[in-house]
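Working notes, beginning with the structure itself.
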Amino acid sequence: MSPVITQCSSMRQLAGLGFALTMLAIAPQAPAAVSLTDTVIGSTVPALIPSDQSLQNGDFLIGANPAAPFTGDGADEPTTWTFEFTALPQFNMLMSELGAPDGALTSAVLSITITTFFSPGPPADIVRPMDLFPSIGIPLALGDPNPQTGTFAFDLLDSYSRSDLVNFLAAHGGAFPMIYADDAIVSAASLTLSSVPSTGSCVLLAAAGIAGLARRRR
Ligand SMILES: [Ca+2]
Ligand SMILES: [Ca+2]
């Protein structure tokens with residue numbers, strides 16, 4: 001609060017600010033920022049099975065690749081999973097915010113924890129929402145000891161437009177399918193979608209505050 005208050009040069013301005021803040025506080029349908037997170041978990045050491053079979057590793061599905069020796073060894077195998085937002089309490093509020101004409105998605109932070117048996121690794125790996133391009137490259141950041149586990153975080157808005165992400169979420173009915181490929185075990189992932197109230201809502205609130213302030217000064 002202090003940066004705001006220090007900009008007020010008189011008691012009148014302070015009183016006006018207090019009134020405006022009161023208006024914001026008592027507004028009956030003041031929209032709030034919404035932030036939803038879904039987290040999925042698997043083992044860092046899944047079973048090792050023949051490569052013509054796929055393997056369920058907790059919330060992750062490791063895909064078959066008959067051209068490779070095994071499934072579950074973290075080499076030459078795609079991993080897929082789906083973030084689910086529909087069951088979360090604030091899902092409808094988030095979709096309402098995201099449906100505003102100006103789009104209110106402010107961040108979509110993906111975190112993934114991977115274990116690679118390559119050093120340095122993982123070599124040329126990627127992650128992306130299932131149907132969206134381009135893929136996001138995973139940094140060649142893990143080395144000895146081998147295998148090594150590391151966590152990476154990306155804001156999907158750095159790679160995709162707001163509308164692409166919102167349309168993707170809507171097209172999948174609130175689910176958010178993902179794919180990682182192909183030289184690591186993915187053992188944890190989370191996606192946090194954040195929104196702010198649409199500009200229209202903020203303008204209405206600000207107008208109410210200014211109108212009230214004008215009446216008070218007459
Ligand atoms: Ca494999
Ligand atoms: Ca590979």
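Any read-out appearing in this document is the output of simple, stated calculations on the displayed coordinates, not a laboratory observation. Every value quoted in this text rests on a predicted model; they were computed, and no experiment measured them. Note that we place each Cβ from the backbone using ideal geometry, even for glycine, and neighbour counts take in every protein chain shown.
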So for segment 61-119, using the alpha carbon gyration tensor with a ≥ b ≥ c as root eigenvalues (a/c under 1.5 gives rounded; past that, a/b versus b/c decides prolate or oblate), I'd call it prolate
Most exposed to least, judged by fewest other Cβ atoms within 10 Å, R162, R128 sort to R162, R128
Residues other than T192 with Cβ under 11 Å of its Cβ, Lys/Arg counted +1 and Asp/Glu -1, net out at -2
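Checking the a/c ratio against 1.5 first, then a/b against b/c, what shape does the Cα gyration tensor give for segment 33-196?
Prolate, since a/c reaches 1.5 and a/b exceeds b/c.
Where does each of M95, M130 land when they are ranked from fewest to most other beta-carbon atoms within 10 angstrom? Let's see the in-between values first.
Values: M95 17, M130 14.
Fewest to most other Cβ atoms nearby, the residues stand as M130, M95.
If I stretch the segment between S35 and S107 completely, what's the gain in nm (0.36 nm per residue apart, minus their alpha carbon distance), one decimal? Present the calculation step by step, with values, prior to reporting the outcome.
Details: separation 72, 0.36 × 72 = 25.92 nm, distance 0.92 nm.
Extending this stretch completely gives an extra 25.0 nm.
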Counting only DSSP loop positions in segment 89-139, the chymotrypsin sites (Phe, Trp or Tyr not before Pro) whose Cβ has at most 16 other Cβ atoms within 10 Å are F117
